[in-house]
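Written out below as structure tokens is the structure these notes cover.
The values are calculated or read from the model by the stated rules, or taken from the named source; none is laboratory data. Being a predicted model, the structure only gives us computed values, none of them experimental. With ideal geometry, Cβ positions are generated from the backbone for all residues, glycine too; neighbour counts draw on all protein chains shown. Just the protein is used for accessible areas: all its heavy atoms, side chains included, with ligands, DNA and RNA removed. Shrake-Rupley method; radii C 1.70, N 1.55, O 1.52, S 1.80 Å.
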Amino acid sequence: MDIVQRFLNYTQFDTQSSEESATVPSTDKQLVFAKYLKKELENEGLSDVELDSQGYLYATLKSNIKSKVPTIGFISHYDTSPDCSGANIKPRIVSNYDGSDIVLSEGIVSSTEKFPELLNHVGEDLIVTDGHTLLGADDKAGIAEIVQAMCYLKEHKEIKHGDIRIAFNPDEEIGMGAHHFDVEKFGCEWAYTMDGGELGELEFENFNAASAKINIKGVSVHPGYAKGKMLNASLLATEFAAMLPADETPETTEGYEGFYHLVGIKGCTEQASLSYIIRDHDREKFENRKKFIQTCVEQMQEKYGKHTLSAEINDQYYNMKEKIDPQMHVIDLVLKAMQECGVPPRVRPIRGGTDGAQLSFKGLPCPNIFAGGLNFHGPHEFVSIQSMQKAQEVIIKICELTAGYNE
């Protein structure tokens, strides 16, 4: 089976995760695909294939050399985003893409004006949707690349490698992918998530992240007799929002710039709440952002009463860079592998999070490598077949280079 057919097979499974669920995995349909993958890995001859009750699938490609070398791993998630339907996906291959707009279905067009990244793939073969679902390249492309690489290594015994561990997990799209990942069972010295986008992407810096919820208690009385008595919680919510810098929002920042993002606001006269996410690559600036939120709450408490406002601030994840920096050989191997595979590296910070960040803080250094898909979480998602093939080559080369690695 080639990588294209393998990926197309994967897209036929609806694996959408759900933020509304308290189960692990969050949807039963994810387990259907996990069981299919388990059987596929067994049929391909991998060892130690194990699917646990929470949907985490582990397997091993055994070493074909006698010397002891580091055990490394490759990880992808199999759930798709709750933002767009993942059911009844109808993929189509656009062969030798000519740079024109792509008509997905009647009235649904991926235009180069709106999606200029298409023009980076002229002459390549693109897998697209019919415009009514996402494609699922995030991250079934990563799974296909890992499985295909393991099959290639198994068939080409002339390529020397140590033990290679692979793992596929649920619920990454709802931020829960690494929560139940068994790092000890995985047993790797380091690993890579195959979950990036464009060809050559290599990411080992991500946001430090926290959530903040501001709760406001007002006083509701008849508006005709409210003078000196009413305290309108909704107005206090807008006053609080105005205290945060207007030029430090997602709409106004890029690169390494952090932000405060007002995710939602609810309110009436009697009570209101604001939900924020706080992001910054720099740990000190991140801590200062959280302190600033608390300072704003305290200033309004002084103005309106101590019990009028309260803040719940919770850390979500941290920048994996602080865990990767002491072990830069993990990155050097990827850069060398890309160079030998003819892939120009694109090293850039993630303006978001990744399972790899959480895994890095669980003791498994885990940067993120491109899988080749673009325009994730929507019907204009696509993946380049050539990019998938290059990702497979990079995986193989990393395994080969690691076999010759000396600490």
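Things to note:
- When the alpha-carbon atoms of the range 237-339 are used, the pair Rg, Dmax equals 18.3, 61 angstrom.
- Three principal axis lengths of the range 170-325 [C-alpha, angstrom, descending]: 68, 32, 26
- Ratio Rg/Rh, restricted to the range 229-279 and using Cα atoms, in which Rh is the Kirkwood radius: 1.09
- Taking a straight line from the alpha carbon of residue 160, these aspartates and glutamates sit under 12 Å away, with near neighbours fewer than eight places off in the same chain left out: 400.
- Anisotropy class of the range 311-407 from Cα gyration tensor, a/c 1.5 cut: oblate
- Dipole magnitude (debye, nearest 20) for the range 254-374, charges at Cβ of Lys, Arg, Asp, Glu: 100
- 13 Å tail of the calculated P(r), the range 160-214, as % of Cα pairs: 75
- The chain - charge dipole about Cα centre, Lys and Arg +1 at Cβ, Asp and Glu -1, debye rounded to 20: 940
- The order of the peptides 397-403, 256-262, 152-158 by mean Cβ neighbours within 10 Å, most packed first, is 397-403, 256-262, 152-158.
- Where trypsin sites (Lys or Arg not before Pro) fall in DSSP loop in the range 18-104, at most 13 other Cβ within 10 Å: 62, 66, 68
- Per the Debye calculation on the range 113-190 with a single equal scatterer at every Cα and no solvent contribution, log₁₀ I(q)/I(0) for q = 0.14 Å⁻¹ amounts to -0.76.
- By DSSP, the beta bridges lying fully in the chain are antiparallel in about 75 percent of cases.
- With a threshold of 19 Å on the Cα-Cα distance, the over-threshold entries among 35/362; 62/154; 321/362; 39/157; 66/323; 38/154 are 35/362; 39/157; 66/323.
- For the range 251-291, dividing the convex hull volume of the Cα atoms by the residue count gives 75 Å³ per residue.
- Think of a 1.4 Å ball rolled over the protein heavy atoms: the chain then has 44 Å² of accessible area per residue.
- Loop-located trypsin sites (Lys or Arg not before Pro) in the range 166-275, at most 14 other Cβ atoms within 10 Å (DSSP): 227, 229
- Calculated mean residue ellipticity at 222 nm for the chain: -9500 deg cm²/dmol, from DSSP H runs with n ≥ 4 weighted as -39500 (n - 2.57), summed, divided by the residue count and rounded to 500.
- Kirkwood hydrodynamic radius of the range 1-101, Cα pairs, Å: 16.2
- Prolate/oblate/rounded call for the range 285-335, Cα gyration tensor, a/c under 1.5 rounded: prolate
- The convex hull defined by the C-alpha atoms of the range 1-48 has an orientation-averaged projected area of 4.1 nm².
- Portion, in percent, of the accessible area of the chain that falls on carbon or sulfur, probe 1.4 Å: 48
- Dipole magnitude of the range 5-158, debye to nearest 20 (Cβ charges: Lys/Arg +1, Asp/Glu -1, about Cα centre): 780
- Over the chain, the hull volume per residue, using the convex hull of the C-alpha atoms, is 162 Å³.
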